[in-house]
Structure formats: C-alpha cells, structure tokens
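Student: This is the structure, below, for whatever I ask next.
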Protein chains: 2
Amino acid sequence: MHTLTEENYLKAIYRIFESTGETVSTNAIAENLQINAASVTDMFKKLGQHKLVVYEKSKGVKPTDKGKKIALQIIRKHRLWETFMVEKLKLSWDEVHEIAEQLEHVHSDLLIERLDQLLNYPKFDPHGDPIPDKNGKLPVLKSILLSEAKPGSSYKITGVGKNSDSFLKYLKKIGLKLGEMIKVKEVEEYDGSMKIQLMDTKAEVMLSKEATANLLVD
Amino acid sequence: MHTLTEENYLKAIYRIFESTGETVSTNAIAENLQINAASVTDMFKKLGQHKLVVYEKSKGVKPTDKGKKIALQIIRKHRLWETFMVEKLKLSWDEVHEIAEQLEHVHSDLLIERLDQLLNYPKFDPHGDPIPDKNGKLPVLKSILLSEAKPGSSYKITGVGKNSDSFLKYLKKIGLKLGEMIKVKEVEEYDGSMKIQLMDTKAEVMLSKEATANLLVD
DNA sequence: TTAAATATTTAGACTTACCTAATTTTTTAA
DNA sequence: TTAAAAAATTAGGTAAGTCTAAATATTTAA
C-alpha cells in the first residue's frame, strides 16, 4: 500500500500524462498540487525508486504500468464515491468532489467491489466522467463537445470536460444540469458563442465558446 | 480540524475514560494504540495544549468536553459506516471494523448527516453498539449480559461487549449472529458455562462464562 | 549561438509522529 | 518506611513530506 501523498502525486501525474501524452514536468505537478517544485523533485525520486514512474533528471516523469494501474484505481474509487453520494445520499453535483478526495484513499477492494454492485456498475459518474472498471479499463465515451453540435438539433448534457469548481458553479447558476435536454438555437460566427434553449423550462441561455467547448453532449 | 493521529488518541482516551471513569494513564494508551510510552507523553502534551484533554504530569489525562465531543463524533462516524457496510453493502459483521477505522476519519458533516438519513437514523450498529446522535447523545441500551440471563428463557442477541476481532470470529465460527434468537438451556454451577440453543437451526452450543459475559441480549 | 529567462535540482531546515536509552517519579511490598 | 519495581518523562534521533535559498540545467529568443 502507498501513502496518501504518493497516491495524490500518482493521480496528478496520470491525469497530466493522459491529457498530454508527454513526460510530466516538475513544475506541472508543483502547480497542480500547489506545492513547491523542490518537494516535487524529492517525490519524483521516491516514486522512481518504487517503480511507479520513470524519472529522468531534469526531464520529468512518465507513469509506469504499475503507476497507471494505481492511479486508475484511485480515480475509480473517486468516481464511484461521487456517484454514491449523488445517487444515494442526494448530495448535489458540486458538493461531492472534495469529499471524494478523502474517500478515494480508503483502502479496501471488497468495499469498492460492493459499492460498485450497490450502484449497479455505473459507467459514468455524475459529472459524466468515465469510471474505470476493477481492471482499470475505461468505458468508451461517444459524447461530443457542445461546441461541435449542429444548430437546430437537440442534445442531452452528459458531462463536462475540465470539471473545475467554478465551471460547475457557473452551470448550476445558469440552470444547466447533467441529464438535461437542450436545443441549439444559433451559433455566432465571429466568436463561436451559442444560444441554447433548455427543453423543460424553455429558458434561453447564451454560452461562450469556452463554455461550449467544455460541455459534453449526446 | 485535527490530524488523524490526534483523532485516534482522542478516541482511545475517551473509551478508556468512559469505561473506568479514571484519569487515563500513559501506559494504557501506549498499550491500546501499540506505540511507545514516550510517544504517548509527547501527544498528551500536545492534546493538553489544544485543550482536548487535561494533562497532569506523571498522572495522565482526562478528556475535556471538547475532547469528548470530538471522540463521540468519530465513534458516531465509525458506527454509521459499519451499519452502512452491513446493511447496504452486505458485508459481514466482522469484515467492517477495519474499514470503518479508515472511514471514520473522513471529514464532512453533510456526508454523515445524509448517511444517517439513508440508514434511517439507526440507534445501534451491527455489533449492537449505540450510535451517538449528531449532538453526541447516546441512546439508552436496555440489553443485559447473557451471563445474567435466566435458564429456560429466550433472548435475541443484540451485541457484544468488547468486540475483539477474535471474539467476532469465534461467534461466526460457532454460528452465532446478531439478531439471532437463542434459548438458554442450562447453566453449569461450577464454572458458569452455559448451554444454549439456536432457535432457527436448533443447534446446541456450549459457551464459557467468559463468552456469555461478553454477549448482550434482549 | 549565446545571453537571458525559465525550470530543475541540491543543500539545509522544519514539523509531525514516532523510536530507544537514560533518568526521574510514583507505586508497591517487604 | 524504605528499597525494589513499575510507570512516566526527558533527551536525542529518525523518516516523511514539506519549505527557502542557492546552484545548475535547459529552453528561448535576440
């Protein structure tokens, strides 16, 4: 078993590696975890010794298969707990992340196995993020970005890209929720902003290109 | 918020204080937490500074009201999680303790509030131990020890006294479960051992005085 | 292509929670 | 009531994970 700290580094390294495919730099992790770069160097060495990453001095790290596997299990736990909190405890979408950050570090394969069963083996969490299975396999997501949607068509909001806290709060404020149906009314040529209509309330909302490029729809 | 370590000390101090009513000694905690007495002295000083206990040098500690309150909240969380795992995740009685030791340190009042609600505000956990409410109030338990039960009468097993792992395993092995109905067949004069019958399987089991003095029945 | 800017690492320190060994205090029992 | 035993404390150390400041590498841009 690894320390909580190692787990958090591994998770951050995995995420950045997945999104860029490149060696992960000291600074990227320092920024991501809000700690000093010198501390990151220390931890890179340690993770390297433990064969969780391949560390090349002054270059950065790449997660090993072992490191990826651990990261995926933590992500799996995080997303299952989030699903549990939203579905069973009726907590809201944007309240669960912080709590899941704690719960994801509870060690027990049996617990997670049964939690998965209780939730009926969900493939996506309440933010629309895919939940790795117990072998670390991710389900395939066929959603597209709202920014690529056709005007006139209707879509279901299935998730967000980067699920920053502020973005989630923003969505809540303008009345958008996961699972909600929307219709694309029009797209502005010059800045890519989009007017959409909420199917149930008929309310119309303007979304910036930035926002539409961060919303997944089916 | 306090560290995980402080929380574990506080819980141990609270339990021992509740069962003895006396100042809790350095050695008692060292033994309980399986750590060196010198380390306990260090922590006693720190907890004293934080006003979680009253520490008198070479005498030991007593928890303050603040310390008790925190201990009770940890115990509350522990027991609610155990209830959740047995009732909702179908884990068995003796599998949940270790996991609850981790879950009890997750910080979120809202989470626990909703978990309590999901479980329908249980008053006792699967071991029959009382669950403090959110203000730290304990429900009154009217169960008696099996060792004090009358021969010929029937009882429901509601809990165990000291729920040591080995005792739980022992119970499982001989086929006793919480909630099970039993009938007291006879009590040996000379050693206090007891023959009981399980109501559902009709199986008869001999229990030592030690065992019957650690089983709660209604 | 080299000087400046940026990124990374090293060195040395701090805190928490632990340890061992030595000392002191308290308790017990002759 | 005092000597031996037991309990508790002090002193000094260690490992993990962090920090700052200084040194070194790497990248960028003139």
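Computed from the coordinates by the stated procedures, all read-outs in this text should not be read as laboratory data. Just so we're clear, the structure is a prediction, and the values are computed from it rather than from any experiment. Backbone-built Cβ (ideal geometry, glycine too); neighbour counts: all protein chains shown.
Student: Can you spot a residue in the stretch B:161-170 that is touching a Lys or Arg at 6+ places or on another chain (Cβ under 8 Å) and either free of Cβ contacts under 8 Å to residues at least 24 places away in the same chain or surrounded by 15 or more Cβ atoms within 10 Å (Cβ to Cβ) (or both)?
Tutor: Within the stretch B:161-170, not a single residue is touching a Lys or Arg at 6+ places or on another chain (Cβ under 8 Å) and either free of Cβ contacts under 8 Å to residues at least 24 places away in the same chain or surrounded by 15 or more Cβ atoms within 10 Å (Cβ to Cβ) (or both).
Student: Within the stretch A:25-64, how many residues are touching a helix residue (DSSP H, G or I) at 6+ places or on another chain (Cβ under 8 Å) and in a strand (DSSP E or B)?
Tutor: Here the count works out to 7.
Student: Kindly indicate the residue of the stretch B:29-41 that is surrounded by fewer than 20 Cβ atoms within 10 Å (Cβ to Cβ) and either within 14 Å of another protein chain (Cβ to nearest Cβ) or within 14 Å of B:LEU10 (Cα to Cα) (or both) and also farthest from DNA strand C (Cβ to nearest atom) among those meeting that condition.
Tutor: B:ASN32
Student: Please tell me if B:GLU22 is in a helix (DSSP H, G or I) and out of contact with any helix residue (DSSP H, G or I) (no Cβ under 7 Å at 6 or more places or on another chain).
Tutor: Judged against the criteria, B:GLU22 is not a match.
Student: Continuing with the same structure: Checking A:VAL86 against (1) in a helix (DSSP H, G or I); (2) surrounded by fewer than 17 Cβ atoms within 10 Å (Cβ to Cβ), which test does it fail?
Tutor: Failing condition for A:VAL86: (2).
Student: Check off (1) in contact (Cβ under 8 Å) with a residue 12 or more places away in the chain; (2) away from DNA strand D (no atom under 13 Å from the Cβ); (3) not basic (Lys, Arg) for B:GLY21 and give me the number that stays unchecked.
Tutor: So B:GLY21 meets the others, but not (1).
Student: Among the residues of the stretch B:4-28, how many are loosely packed, with under 15 Cβ neighbours inside 10 Å and touching a Phe, Trp or Tyr at 6+ places or on another chain (Cβ under 7 Å)?
Tutor: 0
Student: Condition first: more than 8 Å from DNA strand D (Cβ to nearest atom) and within 14 Å of chain B (Cβ to nearest Cβ). Now tell me which residues in the stretch A:3-18 satisfy that.
Tutor: Listed by number, the list holds a single entry, A:GLU7.
Student: Which count do you get for residues in the stretch A:110-128 that are more than 10 Å from chain B (Cβ to nearest Cβ) and without any contact (Cβ under 8 Å) to a residue 24 or more places away in the chain?
Tutor: Of the residues in that region, 3 qualify.
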